[in-house]
Amino acid sequence: MIQDIDIADLKRITELIHSKYGYDFRNYAMSSFKRRMLRILEVKNLSIESLLKKLSESPVFINEFLDELTVNVTEMFRDPGFWRVIRDEIIPGILLNHKTFNIWHAGCSSGEEVISMAILLREMGIHNDVSLYATDLDTTILEKAKMASYPAKNMELNEKNYIRFEGKWTLKDYCKEENGKVTFDKGLLANVTFRKHDLVIGDVFNKFDLILCRNVMIYFNQTLQNEVLKKFHASLFKYGYLAIGSKESLIWCDVANRFLVVSNEEKVYKKIKD
Amino acid sequence: MSQFNLNSSYKAVVIGGSAGSFQGITKILSQLPKTFPLPIIMCLHRLKHVRNGFVEALSIKSVFPVVEPNDKEQIKKGGIYLAPSNYHMSVELGNYFAMSTEEMINNSRPAIDITLGTAAFVYREKLIGILLSGANRDGGMGMKHIKDKGGLTIVQEPSECMIDTMPKAAINLTKIDHVLKVDDIVSLINELDKYYR
Ligand SMILES: C[S@@+](CC[C@H](N)C(=O)[O-])C[C@H]1O[C@@H](n2cnc3c(N)ncnc32)[C@H](O)[C@@H]1O
């Protein structure tokens with residue numbers, strides 16, 4: 001087993017992926033990126049040279065590679081206090097001005113965050129008035145998200161989060177269990193558009209009233225975070241909201257003064273200037 | 001004064017702990033020298049999905065406030081940092097923190113091995129690693145990384161630990177420079193402080 005990778009070798013890998021496939025990992029945060037690479041070498045039983053060879057010779061490998069490289073760990077109603085703020089403050093704030101609106105889940109992974117939002121909206125009785133866009137770089141995980149089907153063993157944590165969110169029912173009311181899997185009511189995804197989108201190289205593709213990008217930018221260095229935050233700013237309507245992960249912050253970035261802090265604890269910001 | 005043969009080249013202290021380490025950690029934090037110049041970076045196993053309370057409980061006992069840093073936050077001299085719940089916390093080249101939600105390691109997130117291992121990569125021989133009481137093997141590999149890079153390794157005396165699995169795992173994996181009771185760890189930190197005056 002390889003214990004460590006040189007920065008020079010990491011560079012060779014990111015340069016190859018960039019020149020051959022266009023994905024740009026050159027500004028990803030180093031430690032976690034290195035751990036992911038070590039993990040890929042271990043589970044695929046490859047040396048650095050054989051990985052480079054495989055990446056340059058076998059284009060079908062790239063999707064599998066991206067799926068391993070990205071960190072897809074997620075939960076439903078992660079940080080229940082955040083979801084209470086969305087329900088009790090943010091969405092009522094949007095509804096003051098619009099009856100229908102758009103939400104973007106950037107880096108939606110296997111979709112738990114999207115299902116959570118759909119449940120929240122249904123419990124507020126406005127599910128049909130909202131269009132959700134769920135995007136990720138990783139096409140393998142997007143296919144999973146579309147299925148809305150998860151290992152039953154994950155449900156204990158999800159259900160605990162939901163209870164702390166103070167939802168109206170139980171998560172069981174929204175899904176069916178079969179063969180160790182739970183599958184959520186497909187109606188929840190009726191207004192969801194899933195599509196592949198890369199935050200690093202992708203363009204602004206729509207305007208939103210609320211963007212969630214939680215636990216995605218932690219994998220970027222600050223230079224890249226700054227660039228992506230500009231794109232989020234450009235993708236929001238004036239007075240729209242941006243929600244980031246509980247351990248992220250945007251007070252330091254170039255567009256910081258065009259946002260107002262709505263919840264410091266739950267990291268929700270409001271665009272106040274174009 | 002040279003009981004521990006220290007010097008003023010160290011840049012940071014990392015501390016790992018799990019079951020039974022709370023008392024030890026609060027004792028250390030409550031007896032820190034008022035001028036302690038190094039950042040103290042802590043990764044402690046904690047109740048999953050309980051975001052609040054822990055850092056406050058530590059802060060009450062500590063000479064300086066304890067903070068759970070944000071992603072990409074700079075590591076400051078004299079800062080006392082605690083890995084937040086449900087995130088792995090790495091130290092990055094450039095002296096800042098990075099968070100991640102990767103899979104659990106040894107059933108833990110935050111994992112002590114990650115914080116200790118990345119700190120060893122960045123600070124190399126200028127790092128002091130301390131591993132306290134705990135019920136699993138997390139932290140052992142991290143201590144090995146610290147030793148391999150030339151840092152100073154300290155574990156809590158197993159006989160004093162409520163659960164000694166963690167320090168023993170480290171002792172089995174690498175050379176430990178000092179096996180100490182918490183009171184002696186406190187003395188070591190106070191002695192270290194004098195080299196920076
Ligand atoms: C840890 S998950 C976050 C899931 C969810 N938002 C949450 O907070 O639980 C991170 C996701 O970001 C995606 N991601 C990483 N880099 C990306 C990029 N450049 N563009 C779009 N998505 C990306 C990964 O594929 C992964 O699914």
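The values are calculated or read from the model by the stated rules, or taken from the named source; none is laboratory data. These figures come from a predicted structure and were not determined experimentally. Heads up, the Cβs are rebuilt from the backbone with ideal geometry, glycines too, and the neighbour counts pull from every protein chain shown.
Yes or no: A:F194 in contact with a helix residue (DSSP H, G or I) (Cβ under 8 Å, 6 or more places away or on another chain) and within 14 Å of chain B (Cβ to nearest Cβ)?
no
Check B:G117, B:G129 and return the single one that is surrounded by 22 or more Cβ atoms within 10 Å (Cβ to Cβ) and within 24 Å of A:E248 (Cβ to Cβ).
B:G117
Output the number of the condition that A:N128 fails; it satisfies all remaining conditions of (1) surrounded by fewer than 18 Cβ atoms within 10 Å (Cβ to Cβ); (2) modelled with pLDDT of 95 or more; (3) assigned to a loop (DSSP other than H, G, I, E, B).
Every condition holds for A:N128 apart from (3).
With the condition being closer than 16 Å to A:G107 by Cβ and within 17 Å of the chain's Cα centre (by Cα), I'd like the strands (runs of 3 or more DSSP E) fully within region A:219-274 carrying at least 2 qualifying residues.
Result: A:236-244.
Taking only pairs six or more apart or across chains, which ones have beta-carbon atoms under 6 Å, a first residue in region A:58-71 that is among the aliphatic types (A, V, I, L, M), and a second residue that is assigned to a helix (DSSP H, G or I) and within 16 Å of the ligand (Cβ to nearest atom)?
From region A:58-71, the pairs are A:I62/A:Y21; A:L69/A:R36.
Among helices (runs of 4 or more DSSP H) lying entirely in region B:99-197, which contain 1 or more residues that are under 30 Å from A:N221 (Cβ atoms) and within 14 Å of the chain's Cα centre (by Cα)?
The qualifying helices (runs of 4 or more DSSP H) are B:112-123, B:140-148.
If you go through region A:82-93, how many residues are in contact with a strand residue (DSSP E or B) (Cβ under 9 Å, 6 or more places away or on another chain) and closer than 12 Å to A:A243 by Cβ?
6
Filter region B:64-89 for residues that are loosely packed, with under 14 Cβ neighbours inside 10 Å and in a loop (DSSP other than H, G, I, E, B) and give the result.
If the condition is that a residue be loosely packed, with under 14 Cβ neighbours inside 10 Å and in a loop (DSSP other than H, G, I, E, B), then B:P65, B:K76, B:K77, B:G78 are the ones that fit.
In region A:193-217, what residues are within 14 Å of the ligand (Cβ to nearest atom) and part of a strand (DSSP E or B)?
A:F194, A:R195, A:K196, A:L210, A:I211, A:L212, A:C213
Test A:K153 against the stated conditions and say whether it is among the basic types (K, R), part of a helix (DSSP H, G or I) and under 30 Å from A:I201 (Cα atoms).
no
Can you tell me which residue among A:V60, A:V73 is within 14 Å of another protein chain (Cβ to nearest Cβ), surrounded by fewer than 21 Cβ atoms within 10 Å (Cβ to Cβ) and of a type outside the set (D, E, K, R)?
Among A:V60, A:V73, only A:V73 is within 14 Å of another protein chain (Cβ to nearest Cβ), surrounded by fewer than 21 Cβ atoms within 10 Å (Cβ to Cβ) and of a type outside the set (D, E, K, R).
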